[in-house]
Amino acid sequence: MTAPALAPQPTPSATALLSGTGLAKAFGATTALHDASLSIEAGELVAVMGASGSGKSTLLHCLAGIVEPDAGSVTYQGSRLSELTDAGRSALRRSDFGFLFQFGQLVPELTCLENVALPLRLNGLRRRPAEQLAREWLERLEVSGSAGRRPSDVSGGEGQRVALARALVTGPQVVFADEPTGALDSLNGERVLRLLRAAARESGAAVVLVTHEARVAAYADREVVVRDGRTLTR
Ligand SMILES: Nc1ncnc2c1ncn2[C@@H]1O[C@H](COP(=O)(O)OP(=O)(O)OP(=O)(O)O)[C@@H](O)[C@H]1O
Ligand SMILES: [Mg+2]
């Protein structure tokens with residue numbers, strides 16, 4: 001079987017919600033990104049694919065304003081992230097971005113309900129309305145039975161749906177998901193992906209979905225491949 005043709009990523013469109021252009025990042029002697037570009041429009045689900053160590057997570061971290069690139073720029077809703085202060089970037093991450101990682105990374109001391117309510121509380125919402133909204137999201141993600149339990153007392157699939165509820169509860173414009181199904185069996189993985197895609201479609205959120213599995217990328221509208229720190233489109 002011949003590999004599909006890969007072409008350099010086109011110039012980001014002017015209508016993009018979020019776009020990173022010419023991103024480079026080195027960690028000491030290791031170059032994680034050479035020249036990576038990715039732009040995403042509202043409502044789009046883009047899969048970022050590539051081998052282990054190719055630079056996928058670094059690209060996601062640059063786009064989300066977690067890591068500052070050495071070169072290139074990231075523009076969100078027309079503003080460059082590098083022009084914001086650290087506090088401004090943190091505030092933007094809390095208000096506009098949602099995050100989902102491979103291992104839910106729920107706070108072990110809090111119940112699942114409190115975990116989901118946490119981003120709302122950090123945004124200044126009072127406990128009662130925050131927990132009410134959190135409860136609605138747990139219900140929607142088919143995991144309301146976990147509300148009063150701690151993360152250590154729920155299954156991997158349940159925990160990941162709780163983490164997804166936490167990523168979506170603030171109504172983010174962009175959801176960043178880094179190998180969100182990497183620790184799940186295929187059935188639970190598919191459930192998380194279906195719920196993520198449905199929620200994003202409904203709210204018009206863009207999703208950057210990092211994965212190295214073709215099965216996971218099949219849920220995306222579009223694929224971007226990262227190879228040796230460079231982006232290519234399929
Ligand atoms: N904080 C860091 N310090 C040093 N090197 C790093 C750091 N983060 C990433 N790297 C290196 O940069 C390269 C790209 O890493 P990255 O995590 O972006 O890859 P990835 O495509 O997400 O891989 P995986 O599929 O294994 O998660 C790798 O060689 C990695 O070892
Ligand atoms: Mg990674």
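The values are calculated or read from the model by the stated rules, or taken from the named source; none is laboratory data. Being a predicted model, the structure only gives us computed values, none of them experimental. Here the Cβ positions follow ideal geometry from the backbone for every residue, glycine too, while neighbour counts run over all protein chains shown.
What residue, among those in segment 68-92 that are closer than 18 Å to VAL174 by Cα and free of Cβ contacts under 8 Å to residues at least 12 places away in the same chain, is farthest from ligand 2 (Cβ to nearest atom)?
Residue satisfying both the conditions and the ranking: GLY78.
Identify all residues within segment 167-199 that are in a helix (DSSP H, G or I) and within 28 Å of GLY53 (Cβ to Cβ); write none if there are none. Break it down stepwise before answering.
Taking segment 167-199 as the starting set, the residues that turn out to be in a helix (DSSP H, G or I) are 167-168, 186-199.
ALA167, SER186, ASN188, GLY189, GLU190, VAL192, LEU193, LEU196, ARG197 - these are the residues of segment 167-199 that are in a helix (DSSP H, G or I) and within 28 Å of GLY53 (Cβ to Cβ).
Exactly one of (1) at pLDDT below 95; (2) over 14 Å from PHE101 (Cβ atoms) is unmet by GLY145. Its number?
(1)
Restricting attention to segment 93-132, which residues are touching a residue at least 40 places away in the same chain (Cβ under 8 Å) and more than 17 Å from the chain's Cα centre (by Cα)?
Here is the first cut: in segment 93-132, the residues touching a residue at least 40 places away in the same chain (Cβ under 8 Å) are 94-110, 112, 115-120, 123.
Scanning segment 93-132 gives VAL107, PRO108, GLU109, LEU110, CYS112, ASN115, ALA117, LEU118, LEU120, ASN123.
Take segment 211-220 and flag every residue that is assigned to a loop (DSSP other than H, G, I, E, B) and surrounded by 14 or more Cβ atoms within 10 Å (Cβ to Cβ). Before the answer, list the steps.
The first filter runs over segment 211-220 and keeps only residues assigned to a loop (DSSP other than H, G, I, E, B), leaving 211-213, 218-220.
Within segment 211-220, THR211, HIS212, GLU213, TYR219, ALA220 qualify.
Which is farther than 30 Å from ALA32 by Cα, within 13 Å of the chain's Cα centre (by Cα) and modelled with pLDDT of 95 or more, of ALA177, ALA165, ALA206? Before you say what the answer is, go through the steps one by one.
Working: ALA177 fails: farther than 30 Å from ALA32 by Cα; ALA206 fails: farther than 30 Å from ALA32 by Cα.
The conditions single out ALA165.
Tally the residues that are within 12 Å of ligand 2 (Cβ to nearest atom) and either within 10 Å of the chain's Cα centre (by Cα) or not hydrophobic (A, V, I, L, M, F, W, C) (or both), restricting the search to segment 43-67.
Result for segment 43-67: 10.
Restricting to segment 133-162, what's the tally of residues that are under 19 Å from the mean Cα position of the chain (by Cα), closer than 30 Å to SER52 by Cα and not in a loop (DSSP other than H, G, I, E, B)?
7
Do you know which of the residues in segment 58-80 that are closer than 19 Å to ASN123 by Cβ and touching a strand residue (DSSP E or B) at 6+ places or on another chain (Cβ under 6 Å) is nearest to ligand 1 (Cβ to nearest atom)? Step through it out loud before you land on a result.
Filtering segment 58-80 for residues closer than 19 Å to ASN123 by Cβ gives 64-66, 76-77.
Pick out the ones that are also touching a strand residue (DSSP E or B) at 6+ places or on another chain (Cβ under 6 Å) and you get 64, 76.
On the way: ALA64: 13, TYR76: 20 Å.
Step by step, filter segment 58-80, then rank; the result is ALA64.
Can you find even one residue in segment 41-53 that is in contact with a helix residue (DSSP H, G or I) (Cβ under 8 Å, 6 or more places away or on another chain), of a type in the set (Val, Ile, Thr), closer than 19 Å to LEU17 by Cα and outside any loop (DSSP other than H, G, I, E, B)? Spell out how you get there, then give the answer.
Just the residues of segment 41-53 that are in contact with a helix residue (DSSP H, G or I) (Cβ under 8 Å, 6 or more places away or on another chain), to begin with: 43, 45, 47-50.
Right, trim to of a type in the set (Val, Ile, Thr) and you get 48.
Okay, now just the ones that are also closer than 19 Å to LEU17 by Cα, so 48.
Then keep just the ones that are outside any loop (DSSP other than H, G, I, E, B); that gives 48.
For segment 41-53, residues in contact with a helix residue (DSSP H, G or I) (Cβ under 8 Å, 6 or more places away or on another chain), of a type in the set (Val, Ile, Thr), closer than 19 Å to LEU17 by Cα and outside any loop (DSSP other than H, G, I, E, B): present.
For segment 122-150, name all the residues that are exposed (fewer than 15 other Cβ atoms within 10 Å of the Cβ) and within 14 Å of ARG94 (Cβ to Cβ).
Listed by number, the residues that qualify are LEU122, ASN123, GLY124.
Considering segment 12-57 alone, what residues qualify as being within 21 Å of THR211 (Cα to Cα), hydroxyl-bearing (Ser, Thr, Tyr) and more than 16 Å from ligand 1 (Cβ to nearest atom)?
SER19, THR21, SER39
Search segment 212-234 for residues that are away from ligand 1 (no atom under 16 Å from the Cβ) and pair each with any residue that is of a type in the set (D, E, K, R) and not in a loop (DSSP other than H, G, I, E, B) when their beta-carbon atoms are under 8 Å apart and the residues are at least 6 apart or on different chains.
TYR219/ARG194; TYR219/ARG197; THR233/ARG222; THR233/GLU223; ARG234/GLU223
Output the number of residues of segment 59-99 satisfying the condition of being in a helix (DSSP H, G or I), crowded, with 16+ Cβ neighbours inside 10 Å and out of contact with any helix residue (DSSP H, G or I) (no Cβ under 7 Å at 6 or more places or on another chain).
Adding up the residues that qualify gives 8.
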